[in-house]
Structure formats: structure tokens, C-alpha cells
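> Let me begin by handing over the structure; questions about it come next.
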Amino acid sequence: MNKLISVNFYLLGDCNAQCVFCFAHLTRERLPLAKARSLIKVLRDEGTEKITFAGGEPTLHPNLGELVQYSQELGLVTSLVTNGYRLEELLQAKVVPDWVGFSVDSAEEDTLRRLGRSRGEYLPRTVRLVDMCHSLGVRVKVNTVVTSETQQEDMTALILRLAPERWKIFQMLPIQGRNDPVVDRLEVSDSDFWGFVRRHLEADLPGLSVVPEDNDTMSNSYVLVDPLGRFYSNTRWPHEYSAPILEVGAQTALRQVDFDHDKFERRGGLYEWGVGRGQSTNTCVSREPAVRQVPVYKWPRRRRVGRR
């Protein structure tokens with residue numbers, strides 16, 4: 001069992017947005033470039049195949065391009081989770097990750113503004129950046145956090161326009177001591193969350209894998225690395241941290257936090273994510289399993305123009 005096959009590296013705590021429901025409040029300190037590169041190599045040597053750079057907002061990291069390219073040189077599949085803030089600069093510099101996951105929590109600009117995601121023109125910019133990714137052969141995901149503000153929305157038209165391969169739908173995750181002030185206003189019940197999921201599963205969304213994650217599914221099912229190179233868990237505040245990976249090794253550090261590999265597999269953490277640029281063979285081919293009895297549909301993927 002390779003517990004480190006897929007890792008999320010939260011590069012920095014800084015973010016240009018102010019999402020009111022966010023729980024990923026991390027240290028403003030970060031590893032210097034040389035140590036970040038060393039950490040990525042340690043993870044690769046321990047079996048990591050896919051690395052997702054997140055934050056904060058990862059495009060604010062001054063060395064993101066170098067870290068993406070270094071990861072690709074090591075043969076890793078690279079992914080970003082971003083609001084797109086400086087993504088265009090990255091792509092224009094010919095830094096082309098394998099996947100980009102766009103944070104889109106509503107199909108309404110006013111709602112995005114109330115949630116702290118948008119300062120105006122968020123959706124038109126996202127559409128333009130998604131189109132740029134498609135033209136470059138970058139595979140696209142959309143990440144949506146469902147709240148009480150959005151549980152009745154129909155996002156079908158927007159998702160069809162963005163045409164991602166995967167749509168991850170998250171139930172807003174309350175973290176005691178972190179996002180308490182908005183929990184009463186924005187928390188969404190299990191039934192309303194799954195109602196949102198089922199409503200969109202019934203829509204005609206060809207070429208798309210819909211991957212829902214409720215609070216239980218999310219908890220302890222991700223391998224998370226903080227900006228200082230420590231594993232951490234996302235179920236409580238303050239976060240639970242391991243010793244620095246570069247000091248004690250990845251396997252020892254991972255045992256110091258809560259991570260449930262079975263939950264990782266059950267939530268669809270293994271899927272056909274392809275190969276890193278420059279690799280010649282596929283390393284991970286899997287179908288997403290059903291989650292909480294809600295089927296995850298997999299239609300044949302449309303072909304994109306560009307490299308894989």
C-alpha cells in the first residue's frame with residue numbers, strides 16, 4: 001500500500017481572496033526554494049506520483065513555476081488548486097502543469113462576492129483561463145464548496161461551459177476555532193448537500209466525473225503538507241502537525257498525523273490522472289468508487305488538443 005501516492009503541498013498561507021468559509025489558515029512562513037525542491041524529491045522517492053500545489057493561493061508563490069517544472073523533471077503528475085490570480089502569467093511563461101483545479105463555488109458573481117471569493121469579474125476571468133488551459137492541453141477540474149448560500153443553485157450551464165474532466169463538490173467543512181463565525185450562516189446539512197449533488201448528477205454532463213465529498217469523506221483522507229514541510233491533518237484547530245519531513249523522513253512523519261488511506265481510496269483519490277509530462281507510461285488507472293451510495297458517473301473523456 002503506497003500511502004504517499006498523491007500529496008497536496010500547501011506552499012504558502014497567503015491568499016488574495018477572503019473566502020469566509022475557509023479553514024486553510026496556514027503559517028505565512030515557508031520553505032526556501034532549495035528545501036522545497038528537496039522535499040518534493042523525498043516524496044517522489046517515497047512513492048508519490050501526483051503532487052498538487054495549493055495554498056493560500058499557490059500562484060502567489062514566487063517559485064511556483066520552478067517547483068512545477070522540477071516536479072515534472074522528476075516524473076510527477078503536477079496539479080494546481082487555484083483561483084487563477086496569476087495563472088495567466090504562469091502559462092505565458094510556458095509553465096504548464098498537467099492539471100489545474102479552479103475554485104468555483106457559485107455560478108453567480110454576486111454570490112461569489114458575498115462569499116469573499118470574488119472582487120468582481122471572477123467568472124469571466126475563470127472562463128478565459130479555463131479556455132487557455134484547454135488550448136494548452138492542461139486537464140481541468142472544478143472545485144465547488146457547497147454552502148447554505150448555494151445549495152439551491154443550478155450550476156449545470158456553467159459547468160458545461162467550463163467543460164472540466166472532474167467536478168469535485170465539497171460540503172462546507174466547519175472547523176471549531178477556525179471558521180466558527182460563519183458556520184451558523186453558511187453550514188449546509190447533509191441532506192441539502194446530497195440534494196445538490198443528486199440534482200446535478202441527474203443533469204446531462206457528458207465527459208465529466210462528478211466526485212462529491214461530504215465532511216466525513218474529506219476528513220483525514222488527504223495527505224497534506226504545510227508550507228514548512230510538515231504533514232498535518234484538517235479535522236481540528238489548531239492543526240495537528242508532524243515533525244519536519246526533511247528531518248525525520250516521510251514515513252515517520254506521516255505516522256505522526258491522522259491519515260486514513262482506505263478513506264482516500266473510497267473518496268476516489270485514485271483515478272486516471274495520466275502521466276507527468278515526459279513520462280511514457282501510465283502509472284495510475286482507477287475508477288472512482290461510489291461515495292455514500294451516490295454513484296460517481298464516468299463518461300468517456302473528450303479529447304483535448306495538446307500534450308498530455
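The values are calculated or read from the model by the stated rules, or taken from the named source; none is laboratory data. Just so it is clear, the model here is predicted, and its values are computed rather than measured. Neighbour counts are summed over all protein chains in view; Cβ atoms, including those assigned to glycine, are modelled from backbone coordinates with ideal geometry.
> Of the conditions (1) under 20 Å from Gly116 (Cβ atoms); (2) out of contact with any Leu (no Cβ under 7 Å at 6 or more places or on another chain), Met172 clears all except one; give me its number.
It is condition (2) that Met172 fails.
> Follow-up. Within the range 247-267, how many residues turn out to be of a type in the set (A, V, I, L, M), closer than 18 Å to Leu26 by Cβ and in contact with a helix residue (DSSP H, G or I) (Cβ under 9 Å, 6 or more places away or on another chain)?
1
Condition check ((1) in contact with a strand residue (DSSP E or B) (Cβ under 8 Å, 6 or more places away or on another chain); (2) over 24 Å from Ile245 (Cα atoms); (3) of a type in the set (Lys, Arg); (4) surrounded by fewer than 16 Cβ atoms within 10 Å (Cβ to Cβ)) across all residues:
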residue	(1), (2), (3), (4)
Lys3	no, no, yes, no
Arg37	no, no, yes, no
Thr52	yes, no, no, no
Leu60	no, no, no, no
Glu73	no, no, no, yes
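> Continuing with the same structure: When Gln151 is evaluated against the numbered criteria (1) assigned to a loop (DSSP other than H, G, I, E, B); (2) over 25 Å from Glu213 (Cβ atoms); (3) of a type outside the set (Phe, Trp, Tyr), which criterion, by number, is the only one it fails?
(2)
> Then there is this: Only one of Leu39, Leu90, Leu112 is closer than 27 Å to Val211 by Cα and not in a strand (DSSP E or B); which?
Leu112
> Checking the conditions here, which among Gly207, Gly229 is of a type outside the set (D, E, K, R), in contact (Cβ under 8 Å) with a residue 24 or more places away in the chain and closer than 30 Å to Lys41 by Cα?
Within the list Gly207, Gly229, the selection yields Gly229.
> Where residues in the range 209-226 are modelled with pLDDT of 95 or more and either over 16 Å from the mean Cα position of the chain (by Cα) or among the acidic types (Asp, Glu) (or both), which of them is nearest to Ile5 (Cα to Cα)?
Asp226
> Continuing with the same structure: In this structure, does Gly84 turn out to be touching a helix residue (DSSP H, G or I) at 6+ places or on another chain (Cβ under 8 Å), over 19 Å from Arg277 (Cα atoms), at pLDDT 95 or above and part of a loop (DSSP other than H, G, I, E, B)?
Answer is yes for this residue.
Residue-wise test of (1) closer than 21 Å to Gly116 by Cβ; (2) modelled with pLDDT under 95; (3) crowded, with 18+ Cβ neighbours inside 10 Å; (4) in contact with a Cys (Cβ under 6 Å, 6 or more places away or on another chain).
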{"position": "Val138", "(1), (2), (3), (4)": "no, no, yes, no"}
{"position": "Val146", "(1), (2), (3), (4)": "yes, no, yes, no"}
{"position": "Pro181", "(1), (2), (3), (4)": "yes, yes, no, no"}
{"position": "Phe193", "(1), (2), (3), (4)": "yes, no, yes, no"}
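> Do you know which of the residues in the range 18-35 that are surrounded by fewer than 21 Cβ atoms within 10 Å (Cβ to Cβ) and at pLDDT 90 or above is nearest to Thr147 (Cα to Cα)?
Going through the qualifying residues, I end up with Glu29.
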